[in-house]
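The values are calculated or read from the model by the stated rules, or taken from the named source; none is laboratory data. Small disclaimer: the values here were computed from a predicted structure and weren't measured. Cβ: placed from backbone, ideal geometry, glycine included. Neighbour counts: every protein chain shown.
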Amino acid sequence: MASPYLCDEYLTAPHAPPRGPLEPWCATVSDHLQQAITDRHAHIDEIADGFEQAAEIALLLGRLGEAKKLRHTAIAFFASEAERGAGTFATMPALWMLLGLARIERALGHYDDALFLFERIASLGLGGSLDDGPLFLTTAQFADIESCFPESSARLRSVAIAEALETLVFARRYDTALVAARARRADDPKWLGALRFETIATALGRMGLLREVQVYLASVIAQHPEHPRLVFEQKRAEAFAAAGRFDDAAERVAFITQTLEMQWEIAPAALSDVLLAARTSHLSALLGRASESARLAARARAHAALLGDVPLEAELALRVIESDAPSDVRADAADALTRIVLATGYAITLPHGGVRLFEAAMPPANEPRAPTYPLLRDRLYAIAA
């Protein structure tokens, strides 16, 4: 079911660290690799972190091919290090790199390739192995890894399951997503249980079963108080709106907004709170509640700035600029967006009516968005050579 009110993006998935300005990010990662250049074997963790962050930066720069090459290079490097004596200490990073490679395949629209990798990783420790693809690993070899790194191994499997569920939803394979999400395991961490519930609600909604979404989520909220209620209330609001029950949707949106604002009075906002606020603000705008949407977006933007997540701050700033918020609030958002466009390296899509506000301040189109990114990339290739 296609509807402007339904959203497939996950709110229960583990969130990566805030996405900061690209140029200082590149420089910091590159500096951390200095010692690894002279002694690769003693700095496996630093090299793994460098490849991980460089691949993420490449994705944010829109360089999916380079991100994929970085992942392949890292896998080959860590596999080689494992054979040279690093053993499980190098194989574990290789497995996480393989998981990241599957994410890139998904971003490229290669859903079958992504699912193949996610499912093979999820099967490790349960009799599965890797005998096809960029990394070879027997059942016995993974048993050794699991004995050395039990927590990381369990998390790897859980994340692979979550990524597979997300991929099924993005690929619009809703029947399969329902079956897979319902196959809960006794060792599922709490966050994965919540993600399974969110997957089921999303799949039911996309299948047009909007009443079933309401019944299901009401049951989840009542029976599983350990899970984040506001996420499920957001899904309920979206399903109400898709069914044309706009007053019910607005009631849920108001509840989420009030709860978030109360939480922010008590403690600093978490990134998950701000992501939820951005989603709630968007739905509020779709429901025609422009003032409420703008007020929530303005507050959430300030929290996004404090947390240092540039794309999220830009999204919220744009929403404020396009709203009927007071002129000083819109001016603050415009200043923030100008700073983001000029100083962070992110490519921001400006609304058609607002392009003239920022056009004169735009950097030239051919100016590098992250000048030291090539240095970081080449340094990693040199380490892996």
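Which of the residues spanning the range 84-111 are over 20 Å from the mean Cα position of the chain (by Cα) and either crowded, with 20+ Cβ neighbours inside 10 Å or part of a helix (DSSP H, G or I) (or both)?
The answer is ARG84, GLY85, ALA86, THR88, PHE89, ALA90, THR91, MET92, ALA94.
Residues that are surrounded by fewer than 21 Cβ atoms within 10 Å (Cβ to Cβ) and closer than 30 Å to VAL215 by Cβ: does the range 292-310 have at least one?
yes
Residue-by-condition table, conditions (1) closer than 20 Å to PRO14 by Cβ; (2) surrounded by fewer than 24 Cβ atoms within 10 Å (Cβ to Cβ); (3) among the aliphatic types (A, V, I, L, M):
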| residue | (1), (2), (3) |
| --- | --- |
| ALA194 | yes, yes, yes |
| LEU209 | no, yes, yes |
| ALA237 | no, no, yes |
| ALA243 | no, yes, yes |
| ASP247 | no, yes, no |
| ALA250 | no, yes, yes |
| THR257 | no, yes, no |
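Could you check the range 311-340 and list, in sequence order, the residues that are surrounded by fewer than 20 Cβ atoms within 10 Å (Cβ to Cβ) and among the hydroxyl-bearing types (Ser, Thr, Tyr)?
SER327, THR338
For the range 136-153, give me each residue that is of a type in the set (S, T, N, Q) and either outside any helix (DSSP H, G or I) or crowded, with 17+ Cβ neighbours inside 10 Å (or both).
THR138, GLN141, SER153
Give the residue, chosen from GLU292, GLU238, that is in contact with a Cys (Cβ under 7 Å, 6 or more places away or on another chain) and either touching a residue at least 24 places away in the same chain (Cβ under 8 Å) or of a type in the set (Asp, Glu) (or both).
Within the list GLU292, GLU238, the selection yields GLU238.
Select from the range 1-42 the residues that are within 16 Å of LEU376 (Cα to Cα), part of a helix (DSSP H, G or I) and either touching a residue at least 60 places away in the same chain (Cβ under 8 Å) or of a type outside the set (S, T, N, Q) (or both) and list them in ascending order.
Within the range 1-42, LEU22, GLU23, PRO24, TRP25, CYS26, ALA27, VAL29, SER30, ASP31, HIS32, ALA36, ILE37 meet the criteria.
Could you identify the single residue in ALA177, ALA171, ALA186, ALA162 that is modelled with pLDDT under 95 and of a type in the set (A, V, I, L, M, F, W, C)?
Just a single option satisfies the conditions, and that option is ALA186.
Which numbered condition in (1) more than 20 Å from LEU95 (Cβ to Cβ); (2) β-branched (Val, Ile, Thr); (3) buried (at least 17 other Cβ atoms within 10 Å of the Cβ) is the only one that THR38 fails?
Of everything listed in (1) more than 20 Å from LEU95 (Cβ to Cβ); (2) β-branched (Val, Ile, Thr); (3) buried (at least 17 other Cβ atoms within 10 Å of the Cβ), THR38 misses just condition (3).
Checking GLU81 against (1) part of a helix (DSSP H, G or I); (2) within 14 Å of LEU156 (Cβ to Cβ), which single condition isn't satisfied?
(2)
Could you say whether any residue in the range 230-246 is of a type in the set (Val, Ile, Thr), touching a Ser or Thr at 6+ places or on another chain (Cβ under 6 Å) and at pLDDT 95 or above?
yes
Condition check: of a type outside the set (Gly, Ala, Ser), at pLDDT 90 or above and over 29 Å from GLY193 (Cβ atoms). Does LEU22 satisfy that?
It is true that LEU22 is of a type outside the set (Gly, Ala, Ser), at pLDDT 90 or above and over 29 Å from GLY193 (Cβ atoms).
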